[in-house]
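Shown next, in structure tokens, is the structure this report addresses.
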Amino acid sequence: MAAERRRRAAAALYDSLLRIYEEGKRSIPEHPSLFEDDVEICLIGGSCKSPIERFWNGSNMMYILQKACHNEGSDPMEESKPDDALYASELLPKDSSGPVALSVRRAKQLISLYTMVQNPNMTYLKISEQVVLPPIWIRCDGSDPECTCWLGAEPLKAGNRITGINIYMVTCDGPTADKTCFANLEELKMAHKVEHHSSIVVTKGFAQYELIRAAAIEDTIVESESNICIDITWNTVDKILQTPPLISAATLNITLESGDPRSPVYPLYRELQFLLTLAEGLKTGVTEWPEPLESESAFELVQEFLADLKKKLDGYCISGNKNETENIKCDTAAVDSSIKSIFSERGDLDFAEQLWCKMRSVSSYQELIECFTLIIKSLEHGEVQPWIHQGSSSLLSKLIQQSYHGKIEVISLSGITPIQMLLEIGLDKMKKDYVSFFIGQELATLTYLDYFISTSVDLQEQVHRVQKLHHMLEIMVSCTVLLQFKHENLFPLTQTCLRYYKENPLNEKHVFQLPIRPALVKKFYQNDHPEIWKVDVSSGHGQKEVKTTWQVSTNPPIEHMTSNNIGLLCDSTVNGSSEERMYFITMTKCSQVHFT
């Protein structure tokens, strides 16, 4: 009777997994499927983030099994638990909206069933045509003495034939700062040799260091996901927590959100925010005018600017000005001295761009109309004869070109027209700012930048592309100021950003990667503690390779188990020293079952 129940359970699991797999070939299911009332089955693949990527980097498609949230009763196939027993599942928060783990006992039953249906020798299951299924990973609640948090299984293949299966077990302890809890490398190697009957093992190290992270400004915290970290890998590990040798392979990971007030290009970011305000107003019909930043109103600034130009036209200009832009400088020139060498205000601002700088402080729709009325009147009466850059398609530029011939068309300054006029000259100005930076620093050619400054798309899309340019600028400036990067590193990073943003929308959470030499940034991490450090001990080759991984990390590596749960279950030791780094300790073991 028990054997028959087990056979039916295995067949039902296979049917469920096969159905989900076939659906996933077309598109990954959005919602989990239910199995036996207590288990949710999710198929992960494609661009989906893998919850076990820290421990396993195999197939890009896998099943994730976890406890069905609606079930408040006990798991089927499990015996009742003693009233006085303490189980990890009882320690998990009841109102948690995150994934919920199954008991280790239930997970082992599911792994056993999965192994059965992938074993070609199990003919009594009456599977008509056996399909090699994706690997399976099951969330566990750590209710066993080893504190198991994941169990996994992966078929081994020879062509289309299944020859065996890899069984994985992931355990977690911590957090602790007690280094006596850490493994000994030689003992790890010996244990692997004994378990897998191997005479030779190889080791590979990995370390991740945070180089830059958003931090506090005085008494406030900047809520930002900005982070620059480095992943380093090397062969032949000498000891636990070894500092990576300089001959290691390294990849820089950059996640940067724009708008940090500490950034040298923060004034340009504020300028971009005003541009976005205008774009939103153009789209919705409602404009949230910002508070004035200047003591003088935008109208007064424009009035003074036009008066100065009229005096020069009338011949009253004194030729003592060495740099004309000093008198009509845009606010964005007020950048930090440390960055002036790579990003400084352009000295070739034309008439429209200078007007943008004055009118950024406009505080109402009525003031905007008054400014443009004054400007157009000056053009009509020939009081100013301004120059503008070639190639501008803004309405104001067209009026200026018409003024050269003594007559300009009548413009009705009503509705969205004034807002669109200001948005157009702002777009023109900011595009030239970004192009000036990337070309001036020899990071890109005009051909590469053409997509980002094209006027063949509507204004909203143009604004979106300017946002991308700004995000790339912030990345380059941060790497220059904070990491002292030179052109040889900035150039390939720029190309990576350009390729990404030609194909994707703005995404400030995207991780941009750059292969680098560790020596370039070693001063930032050589005396620091790693965020993640791990060693792989492996033996065998190809399908017969087995691996043991020991890892420490500062952040909880298991999303379905909190640090309190893990600490209660594993009796972690914490020495209380604020100077010691607290680490979670994770171990991943692999064993093989051969069918033939």
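List, in order, the whole-Hz ³J(HN,Hα) value for each residue of region 451-468 obtained from phi through the Karplus relation with A = 6.51, B = -1.76, C = 1.60 and θ = phi - 60°; use x for Gly and Pro.
4, 7, 10, 4, 9, 7, 10, 5, 4, 5, 5, 4, 5, 4, 6, 5, 4, 4
Distance cut-off 19 Å, Cα to Cα: go down the list 193/239; 429/486; 311/432 and report the pairs above it.
Table pairs above 19 Å Cα-Cα are 429/486; 311/432.
Treat each spin label as a single point 7 Å out from the Cα along the C-beta direction, and report the residue 409 to residue 2 distance in nm.
8.9
Could you name the lysines whose alpha carbon sits less than 19 Å from that of residue 509, not counting residues in the same chain fewer than 8 places away?
49, 468
Could you work out how much longer the chain between residue 312 and residue 369 gets when fully extended? Use 0.36 nm per residue separation minus the Cα distance between them, nm to one decimal.
18.0 nm
Grab the beta carbon distance between residue 595 and residue 502, set R0 = 56 Å, and tell me the FRET efficiency rounded to 0.05.
With R0 = 56 Å, the Cβ-Cβ based efficiency is 0.70.
Once phi is turned into ³J(HN,Hα) by the Karplus curve 6.51 cos²θ - 1.76 cosθ + 1.60 with θ = phi - 60°, what whole-Hz value does each residue of region 43-60 show in order, with x for glycine and proline?
Rounded to whole hertz, the list is 9, 10, x, x, 8, 5, 6, 7, x, 10, 5, 6, 10, 7, 10, x, 4, 7.
Quick check for you: which residues of region 392-407 have the amide N under 18 Å from the point 7 Å beyond the Cα of residue 416 toward its beta carbon?
Counting only backbone N, you get 394-396.
What is the gain in length, in nm to one decimal, between residue 545 and residue 488 on full extension, counting 0.36 nm per residue of separation less the C-alpha to C-alpha distance?
Taking residue 545 through residue 488 to full extension adds about 16.6 nm, to one decimal.
Multiply the residue separation of residue 238 and residue 510 by 0.36 nm, subtract the distance between their alpha-carbon atoms, and state the gained length in nm to one decimal.
94.5 nm
Please list log₁₀ I(q)/I(0) at q = 0.10, 0.16, 0.23 Å⁻¹ for region 348-443, using the Debye equation with identical point scatterers on the alpha-carbon positions.
With one equal scatterer per Cα and no solvent, log10 I(q)/I(0) is -0.28, -0.67, -1.27.
Can you list the residues, at least 5 places off or on another chain, whose amide H is less than 5 Å from the amide H of residue 164, using H built in the peptide plane?
Distant-sequence amide H within range of residue 164: 156, 595.
Among all the lysines, which ones have a C-alpha under 16 Å from residue 157's C-alpha, if same-chain residues fewer than 8 places away are not counted?
Cα-Cα hits under 16 Å: 544.
Once you put a point 7 Å from the Cα of residue 395 and another 7 Å from the Cα of residue 60, both along the Cβ direction, what distance in nm separates them?
For the pair residue 395/residue 60, the computed spacing is 4.8 nm.
Through the Karplus equation 6.51 cos²θ - 1.76 cosθ + 1.60, θ set to phi - 60°, convert the phi angles of region 501-509 into ³J(HN,Hα) values in whole Hz; use x for Gly and Pro.
Karplus-based 3J(HN,Hα) across region 501-509 equals 7, 6, 10, 10, x, 4, 8, 7, 9 Hz.
From the C-alpha coordinates alone, can you work out the Kirkwood hydrodynamic radius of region 97-139, in Å?
12.0
Each value in this text was obtained by applying a stated rule to the coordinates, not by laboratory testing. This one's a predicted model, so the numbers in the text were calculated from it and none came from an experiment. Note: ideal-geometry Cβ built from the backbone for every residue, glycine included; neighbour counts use all protein chains shown.
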